[in-house]
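Report on the structure given below.
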There are 2 protein chains.
Amino acid sequence: MTISMYQASVPRFVNILGNLSKILDKAQAHIDARKIADATLTAYRLFPDMLPLATQVQIACDSAKGVIARLSGVDAPVFEDNETTFAALKERVAKTIAYLQSVPADKIDGTEDKAIVTKRGDKETHYVGMQFLLGHAVPNFYFHVTTTYNILRHNGVEIGKRDYLGQP
Amino acid sequence: MTISMYQASVPRFVNILGNLSKILDKAQAHIDARKIADATLTAYRLFPDMLPLATQVQIACDSAKGVIARLSGVDAPVFEDNETTFAALKERVAKTIAYLQSVPADKIDGTEDKAIVTKRGDKETHYVGMQFLLGHAVPNFYFHVTTTYNILRHNGVEIGKRDYLGQP
């Protein structure tokens, strides 16, 4: 017995994105109760040259859909990166979950050695599938979900680590 | 081809803990240059009822060594949770890496279905090995490393996501 590429990816991303969606609900309830504008939190940064909350959610979604699209070859939806409200961010998360759940496991399984090339400006980085999933996409995904959590927590939204981990 | 329990755990934890150690070096350089006491940052919290940086590093280490000890049956070192300086935190990270690297892969491989029970007060939670690794330990590990990063970033330490991801 071993772990399949599917088991190590889709169910894990879907679980955490579902938890993220509920965390965004708590953020919504927090601003509603205090009559705070969405952008006060969605544009909030932990430091001036860090990315704001909305971008953290966008990249978390893109990190999950990006690796699944590259591994499976199934085109992922393209988003406009224009969300400024919690409702819009929740919709992006929901669309990302729907895409992930639409990809058949057998398109992801067996991609451990698939060549993956990423480009950043002129710089190409070469990976194989398992390395890209476990060494890049997974830690990047958790980084942006956790940073979203930390921005909300820093602003007093009442969430705890249980909200992030959920029921694995 | 599939992913082994070892491949999904030890090399990933070791890579990120190595990156964390270099991030702690940058924090050390930051406080040295400004004559700031270690505790100003190691006791820093993003919100009053969040855990401080030192505890974030402690739990990141414990999350990695805890899951490997449970899966492999190889006893992990016990730490006193008394670190207040970056030097002491770096030592804990180094000892955690040494333990992880000391555990033979064949003690971890094949533990996908091993029964794992965690206790929190009176509450027991039952997992099997793969679920505990991928659904609990891995996201918990990344959560605490990222929160360490965010505390430092929020305090102006010059680090970027590349420092967190390293070379996978």
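A few notes on this one:
- Here A:Val138 passes the criteria (1) assigned to a helix (DSSP H, G or I); (2) farther than 16 Å from A:Ile23 by Cβ; (3) in contact (Cβ under 8 Å) with a residue 40 or more places away in the chain; (4) more than 8 Å from every other protein chain (Cβ to nearest Cβ) except the one numbered (4).
- Only one of B:Glu83, B:Glu112 that is open to solvent by 10 Å² or more (accessible area, probe 1.4 Å) and either modelled with pLDDT of 95 or more or under 16 Å from B:Ile23 (Cβ atoms) (or both): B:Glu83
- Residues considered: A:Leu152, A:Leu89, A:Leu133. Of these, the only one that is of a type in the set (A, V, I, L, M, F, W, C), within 11 Å of chain B (Cβ to nearest Cβ) and within 23 Å of A:Tyr44 (Cα to Cα) is A:Leu152.
- A:Ala8 being crowded, with 22+ Cβ neighbours inside 10 Å, within 11 Å of the chain's Cα centre (by Cα) and either over 22 Å from A:Asn155 (Cα atoms) or at pLDDT 95 or above (or both): no
- Scope region B:100-109; condition in contact with a Leu (Cβ under 8 Å, 6 or more places away or on another chain) and open to solvent by 70 Å² or more (accessible area, probe 1.4 Å); matching residues: B:Lys107
- Residue pairs meeting the criteria (Cβ under 8 Å; at least 6 apart or on separate chains; first on the phi > 0 side of the Ramachandran plot, in region A:87-100; second of a type in the set (Ser, Thr, Tyr) and buried (at least 17 other Cβ atoms within 10 Å of the Cβ)): none
- Looking only at region A:155-168, and only at residues there that are of a type in the set (D, E, K, R) and within 19 Å of the chain's Cα centre (by Cα), the one that is nearest to the other protein chains (Cβ to nearest Cβ): A:Lys161
Residue-by-condition table, conditions (1) part of a helix (DSSP H, G or I); (2) in contact with an Asp or Glu (Cβ under 7 Å, 6 or more places away or on another chain); (3) among the small types (Gly, Ala, Ser):
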residue	(1), (2), (3)
B:Ser63	yes, no, yes
B:Gly66	yes, no, yes
B:Val74	no, no, no
B:Thr84	no, yes, no
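- Residue satisfying condition, being open to solvent by 10 Å² or more (accessible area, probe 1.4 Å), more than 14 Å from every other protein chain (Cβ to nearest Cβ), out of contact with any strand residue (DSSP E or B) (no Cβ under 7 Å at 6 or more places or on another chain) and β-branched (Val, Ile, Thr), within set A:Ile97, A:Ile68: A:Ile97
- Once region A:115-130 is narrowed to residues that are open to solvent by less than 60 Å² (accessible area, probe 1.4 Å) and closer than 22 Å to A:Thr55 by Cβ, the residue that is nearest to the other protein chains (Cβ to nearest Cβ) is A:Thr125.
- Test: residue in region A:22-41 that is at pLDDT 95 or above, within 19 Å of B:Leu46 (Cα to Cα), within 12 Å of chain B (Cβ to nearest Cβ) and open to solvent by less than 20 Å² (accessible area, probe 1.4 Å): no
The values are calculated or read from the model by the stated rules, or taken from the named source; none is laboratory data. Small disclaimer: the values here were computed from a predicted structure and weren't measured. Cβ atoms come from the backbone with ideal geometry, glycine included; neighbour counts cover every protein chain shown. For accessibility, only protein heavy atoms count, side chains too; no ligands or nucleic acids. Shrake-Rupley method; radii C 1.70, N 1.55, O 1.52, S 1.80 Å.
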